[in-house]
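One structure is given here, and the rest of the page talks about it.
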Amino acid sequence: MAEGKIIKALSGFYYVLSDGQVYQCRGRGVFRKRKVTPLVGDYVSFQAENEQEGYILDVFERKNELVRPPIANIDQAILVFSAVEPDFSPGLLDRFLVLIEAKNIRPIIVVSKMDLVDDETKPRIEQYIRDYRQVGYDVLEVSVKTRAGVDVLLPYLEGKVSVFAGQSGVGKSSLLNALRPGLQLKTGDISHHLGRGKHTTRHVEFIEIGGGFVADTPGFSALEFDEIELEQLPLCFPEFVARSADCKFRGCTHTAEPKCAVKEALASGDIPSYRYEHYVSFIEEIKERKPRY
Ligand SMILES: Nc1nc2c(ncn2[C@@H]2O[C@H](COP(=O)(O)OP(=O)(O)O)[C@@H](O)[C@H]2O)c(=O)[nH]1
Ligand SMILES: [Mg+2]
Ligand SMILES: [Zn+2]
């Protein structure tokens, strides 16, 4: 019996990397009774039948998993948000950040297309970058066109499983191509016009970049926001967490309670108003959500 990591799933086969060797495995045995479907990123035990084939015996416990793309044990999410074309969207960024924080995935923010920032837009973008750094996030300014920042991002990937996420057109594929020359992912494509229902093939594969693994299916969906519970939300804003010990009430939701350290920081400008406004709008959204069954 051996152990390894699933790096690709295709047509009912799982490709398990173990000691530098890849085994094409079928699922069989114990884990089927547990009703666990193996995912790319899973650590598994398997029985090798020969040098290339085997079958999976068990799937080890996951630290997290994503639905879209279906992968497990993600270390970090590279959130690609263009400075312009499309315009930088803190609303969408905060939504992704909440999602990622809730899954205990480390976010790294990439502000892409920095070469397109003109003098008029620059102060606004720089302010956003300062704000998110203030929260404690790593924010990288990148341009695939000038290659600025590309080599800063590369070492972040080493030894990690990463997913790239962000709106269509922000430059995710271009960035992956720049990180790994020869990759030749299609860029500027119109695949999003097909709508997500059309993406029926469940082919997921890790690409090796910079000594780490990157999921080849870019992005996960902001739709997974549906899984966030009300009680989790304040914990997904690191700058709120850092201040909540100074709130008068334990379990303060930073809304109607008096003597709230978060609202004090908001009033003094230490927390930017848009972050707090997004927090409040997410509360409303979760409250209005239909119960799930
Ligand atoms: N000027 C400029 N254009 C970029 C940059 N990165 C990507 N693009 C362009 O933005 C468009 C969308 O890029 P793509 O990588 O397909 O975005 P994706 O949908 O996020 O994968 C393409 O036309 C790219 O050439 C950049 O750093 N600077
Ligand atoms: Mg793309
Ligand atoms: Zn509070």
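Within segment 142-168, can you find the residues that are within 12 Å of ligand 1 (Cβ to nearest atom) and of a type in the set (Gly, Ala, Ser)?
Ser143, Ala148, Gly149, Ala165, Gly166, Ser168, listed by residue number.
In this structure, does Lys35 turn out to be basic (Lys, Arg), outside the structural domain of Phe206 (by TED's automatic domain parsing) and open to solvent by less than 60 Å² (accessible area, probe 1.4 Å)?
no
Output yes when any residue across segment 151-161 is more than 16 Å from ligand 2 (Cβ to nearest atom), open to solvent by less than 50 Å² (accessible area, probe 1.4 Å) and over 17 Å from the mean Cα position of the chain (by Cα), and no when none is.
The answer is no, given that none of the residues of segment 151-161 is more than 16 Å from ligand 2 (Cβ to nearest atom), open to solvent by less than 50 Å² (accessible area, probe 1.4 Å) and over 17 Å from the mean Cα position of the chain (by Cα).
Kindly indicate whether Leu175 is of a type outside the set (Val, Ile, Thr), touching a residue at least 60 places away in the same chain (Cβ under 8 Å) and within 21 Å of Asp216 (Cα to Cα).
Yes; evaluated as a whole, the condition is true for this residue.
Looking at Ala165, Ala148 in this structure, which one is within 16 Å of ligand 2 (Cβ to nearest atom) and of a type in the set (Gly, Ala, Ser)?
The match here is Ala165.
Could you tell me how many of the residues in segment 46-105 are among the aromatic types (Phe, Trp, Tyr) and closer than 24 Å to Gln21 by Cβ?
3
Given the conditions (1) touching a residue at least 60 places away in the same chain (Cβ under 8 Å); (2) assigned to a loop (DSSP other than H, G, I, E, B); (3) in contact with a strand residue (DSSP E or B) (Cβ under 6 Å, 6 or more places away or on another chain), and given that Arg62 satisfies all but one, which numbered condition is not satisfied?
Status for Arg62: all satisfied but (1).
Only one residue in Ser82, Ser18 is of a type in the set (Gly, Ala, Ser) and within 19 Å of Ser162 (Cβ to Cβ). Which one?
Only one candidate passes the filter, namely Ser82.
So for segment 53-76 (the condition being more than 23 Å from Ile207 (Cα to Cα) and among the β-branched types (Val, Ile, Thr)), does at least one residue qualify?
Scanning segment 53-76 turns up no residue that is more than 23 Å from Ile207 (Cα to Cα) and among the β-branched types (Val, Ile, Thr).
Looking at segment 40-53 only, could you name the residues that are open to solvent by less than 40 Å² (accessible area, probe 1.4 Å) and touching a residue at least 40 places away in the same chain (Cβ under 8 Å)?
Answer for segment 40-53, where residues must be open to solvent by less than 40 Å² (accessible area, probe 1.4 Å) and touching a residue at least 40 places away in the same chain (Cβ under 8 Å): Val40, Gly41, Val44, Ser45, Phe46.
In segment 231-260, which residues are assigned to a helix (DSSP H, G or I), surrounded by 13 or more Cβ atoms within 10 Å (Cβ to Cβ) and within 22 Å of the chain's Cα centre (by Cα)?
Correct list: Gln232, Leu233, Pro234, Leu235, Cys236, Pro238, Glu239, Phe240, Val241.
The values are calculated or read from the model by the stated rules, or taken from the named source; none is laboratory data. Since the structure is predicted, the reported quantities are computational estimates derived from the model, not experimental observations. FYI the Cβ positions are ideal-geometry reconstructions off the backbone, even for glycines, and counts take in every protein chain you see. SASA here: full protein model, heavy atoms, side chains in, ligands and nucleic acids out. Shrake-Rupley method; radii C 1.70, N 1.55, O 1.52, S 1.80 Å.
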